[in-house]
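Student: Mind looking over this structure? Questions follow.
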Amino acid sequence: MTELSTNADYIALEDEVAAHNYSPLPVVVSDAEGVWVTDVEGNRYLDALAGYSALNFGHRHPDLVQAAKEQLDRATLTSRAFHNDMLGPFCRDLAQLVGKDMVLPMNSGAEAVETALKLARKWGYQVKGIPAEQAEIIVMENNFHGRTTTIVSFSNDPEARDDYGPYTPGFVTVPYGDLAAIEAAITDNTAAVLLEPIQGEMGVQIPKEGFLPGLRELCTAKNVLMIADEIQSGLGRTGTTLACGYEGVEADVYTLGKALGGGIIAVSAVAANKDVMEVITPGTHGSTFGGNPLAAAVGHAVVKLLATGEFQDKAKELEPRFRERLEALIGQGVDEVRVRGLWAGIDIDPDLMTGKEACKGMAKRGVLAKDTHGSTIRLAPPLSITAEELDLVVQSLADTLADARAAKGQG
Ligand SMILES: *Cc1c(COP(=O)(O)O)cnc(C)c1O
């Protein structure tokens with residue numbers, strides 16, 4: 001077998017032996033630090049996707065690496081058959097960070113969402129008194145909550161859903177941000193409304209001001225749980241600890257993931273108050289790896305970084321600069337931009353180029369980003385980025401668009 005050395009070598013190998021469930025940019029990362037990654041040929045790139053916000057603190061943040069290393073030398077997995085000394089402190093401080101009583105630890109984001117759905121159904125039967133098997137959960141059009149069979153059952157993205165049936169029943173879909181539609185959909189059997197406070201995969205879609213507070217009021221009035229999936233929007237990304245916090249809204253249940261693992265290990269969690277969480281009793285839900293000491297140590301270190309407020313402040317502080325520079329591209333190949341904190345959805349003029357082509361152009365200029373749904377690209381750089389590095393990100397897009405316009409004679 002020939003030795004692997006170039007990007008092309010590794011890509012050819014992956015293509016042969018790794019399932020084709022993604023279509024990555026042709027960059028093979030071997031090393032990473034802070035906002036920068038290096039490929040196997042020694043090229044450096046600024047990572048403006050940050051693992052879909054799993055790397056909010058950058059690659060290998062020293063505090064997080066230290067927490068992981070120290071824990072590797074102590075204990076890594078106990079299973080929940082026994083207690084471990086990392087779980088309690090992690091859950092206490094995470095619960096405090098998000099303003100809830102209790103935390104249920106899992107691993108992937110999809111598992112956290114599944115947990116929240118089970119929690120809501122059980123609460124519906126045992127507390128609200130919904131008749132057996134009748135619980136309904138209201139979800140939003142164009143949602144993204146993960147990849148399990150139940151979760152894709154209520155996706156309306158054909159790519160994510162098609163040919164995975166039969167689908168799990170019990171979900172009612174309404175247009176995102178439409179309070180009247182939600183109110184009309186609520187029945188006596190409604191246990192919960194599940195939503196992303198900002199729809200990330202859909203291209204950073206931000207609901208109208210007043211929607212989240214209105215939904216909060218509606219859920220309280222109708223005795224329905226409000227479940228906020230903050231897996232991508234939460235943990236500093238939008239300039240507040242949770243995206244719901246931007247309008248001072250408190251959901252009943254939060255799902256957290258991605259950045260909770262600090263880019264080191266899969267850590268997810270559901271946070272809720274006792275009256276909801278205590279419907280879960282021993283044996284009714286679990287995970288072999290959920291709450292393991294290594295995950296709890298890293299998650300706890302993440303919570304400590306967020307407790308300082310430093311990363312939230314950074315996202316808030318850089319938001320106007322980010323928005324201003326991106327808005328300057330409107331009419332230059334960009335149709336619309338949506339920005340909250342250090343998170344941006346950018347609609348590229350589809351006549352000029354696709355989102356994927358734009359990302360390839362940016363990669364050639366040393367910036368990694370990700371397209372989503374045709375002509376939209378998403379930027380979510382690590383919150384540790386400097387103002388100058390942020391300018392590099394926008395400049396790489398500006399240059400990519402300028403080249404495409406010149407090639408089309410629009411320059
Ligand atoms: C990524 C994501 C998930 C799923 O997380 P996984 O760790 O990939 O299972 C769920 N909800 C939202 C909003 C996400 O962005």
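Conditions tested, residue by residue: (1) under 13 Å from Val302 (Cβ atoms); (2) away from the ligand (no atom under 16 Å from the Cβ); (3) over 19 Å from the mean Cα position of the chain (by Cα).
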{"residue": "Gly51", "(1), (2), (3)": "no, no, no"}
{"residue": "Asn56", "(1), (2), (3)": "yes, no, no"}
{"residue": "Ala67", "(1), (2), (3)": "yes, yes, yes"}
{"residue": "Leu72", "(1), (2), (3)": "no, yes, yes"}
{"residue": "Ala75", "(1), (2), (3)": "no, yes, yes"}
{"residue": "Arg80", "(1), (2), (3)": "no, yes, yes"}
{"residue": "His83", "(1), (2), (3)": "no, yes, yes"}
{"residue": "Gly88", "(1), (2), (3)": "no, yes, yes"}
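Student: Any idea which of Ala68, Ala50, Ala95 is small (Gly, Ala, Ser), within 14 Å of Val267 (Cα to Cα) and surrounded by 15 or more Cβ atoms within 10 Å (Cβ to Cβ)?
Tutor: Of the residues listed, the single one that is small (Gly, Ala, Ser), within 14 Å of Val267 (Cα to Cα) and surrounded by 15 or more Cβ atoms within 10 Å (Cβ to Cβ) is Ala68.
Yes/no per residue for (1) away from the ligand (no atom under 15 Å from the Cβ); (2) open to solvent by 10 Å² or more (accessible area, probe 1.4 Å); (3) closer than 20 Å to Gln205 by Cβ:
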| position | (1), (2), (3) |
| --- | --- |
| Ala110 | no, yes, no |
| Ala116 | no, no, no |
| Arg121 | yes, yes, no |
| Tyr125 | yes, yes, no |
| Pro131 | yes, yes, no |
| Gln134 | yes, yes, no |
| Phe144 | no, yes, yes |
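Student: Out of the residues in region 358-376 meeting the condition of being in contact with a Leu (Cβ under 9 Å, 6 or more places away or on another chain) and among the small types (Gly, Ala, Ser), tell me which one is surrounded by the fewest Cβ atoms within 10 Å (Cβ to Cβ).
Tutor: In this case the residue turns out to be Gly366.
Student: Quick one: how many residues across region 258-279 are part of a loop (DSSP other than H, G, I, E, B) and open to solvent by 40 Å² or more (accessible area, probe 1.4 Å)?
Tutor: 6
Student: A follow-up question, please. Sort out which residues of region 280-302 are under 22 Å from Gly234 (Cα atoms) and in a helix (DSSP H, G or I), and write them in order of number.
Tutor: Correct list: Leu294, Ala295, Ala296, Ala297, Val298, Gly299, His300, Ala301, Val302.
Student: Right, something else. Pairs please, first residue from region 230-249 and within 16 Å of Val193 (Cβ to Cβ), second anywhere and open to solvent by less than 10 Å² (accessible area, probe 1.4 Å) and more than 16 Å from the ligand (Cβ to nearest atom), Cβ atoms under 8 Å, 6+ apart in sequence or on different chains.
Tutor: Hits for this filter: Val249/Leu215.
Student: Which pairs have Cβ atoms under 7 Å, sit 6 or more apart or on different chains, and link a residue in region 1-24 that is at pLDDT 95 or above to one that is surrounded by fewer than 12 Cβ atoms within 10 Å (Cβ to Cβ)?
Tutor: Close Cβ pairs satisfying both conditions: Asn7/Pro26; Ile11/Pro26.
Student: Mind telling me which of the residues Cys244, Cys219 ends up being within 14 Å of Gly341 (Cα to Cα) and outside any loop (DSSP other than H, G, I, E, B)?
Tutor: The match here is Cys244.
Student: Residues of region 98-150 being under 18 Å from Leu256 (Cβ atoms) and among the small types (Gly, Ala, Ser), which ones?
Tutor: Hits for region 98-150 are Gly99, Ser108, Gly109, Ala110, Ala112, Ala116, Ala120, Gly146.
Student: Can you name every residue in region 196-253 that is open to solvent by less than 20 Å² (accessible area, probe 1.4 Å) and either more than 16 Å from the ligand (Cβ to nearest atom) or not assigned by TED's automatic domain parsing to the domain that holds Asp157 (or both)?
Tutor: Hits for region 196-253 are Phe211, Gly214, Leu215, Leu218, Cys219, Val224, Leu225, Gly239, Val249.
Student: Right, next: Test Asp403 against the criterion of being touching a residue at least 24 places away in the same chain (Cβ under 8 Å) and either surrounded by fewer than 20 Cβ atoms within 10 Å (Cβ to Cβ) or touching a Cys at 6+ places or on another chain (Cβ under 7 Å) (or both), and give yes or no.
Tutor: yes
Student: Related question: Go over the candidates Thr187, Thr148 one by one and state the one that is out of contact with any Leu (no Cβ under 8 Å at 6 or more places or on another chain) and away from the ligand (no atom under 15 Å from the Cβ).
Tutor: Answer to the check: Thr187.
Student: Could you check how many residues of region 158-184 are away from the ligand (no atom under 13 Å from the Cβ) and without any contact (Cβ under 8 Å) to a residue 24 or more places away in the chain?
Tutor: Of the residues in that region, 15 qualify.
Student: Shifting gears a bit: Residue by residue through region 263-278, note down the ones that are among the small types (Gly, Ala, Ser) and touching a Phe, Trp or Tyr at 6+ places or on another chain (Cβ under 6 Å).
Tutor: Correct list: Ala271 only.
Student: For region 326-384, give me each residue that is part of a loop (DSSP other than H, G, I, E, B) and within 30 Å of Thr308 (Cβ to Cβ).
Tutor: Gly341, Leu342, Ala369, Ala380, Pro381, Pro382, Leu383, Ser384
The values are calculated or read from the model by the stated rules, or taken from the named source; none is laboratory data. Keep in mind that what you see is a predicted model, and the values were worked out from it rather than measured. Counting neighbours? That spans all protein chains shown, and the Cβs are built from the backbone with ideal geometry, glycine included. What goes into the accessible areas is simple: the full protein's heavy atoms, side chains included, and nothing from ligands, DNA or RNA. Shrake-Rupley method; radii C 1.70, N 1.55, O 1.52, S 1.80 Å.
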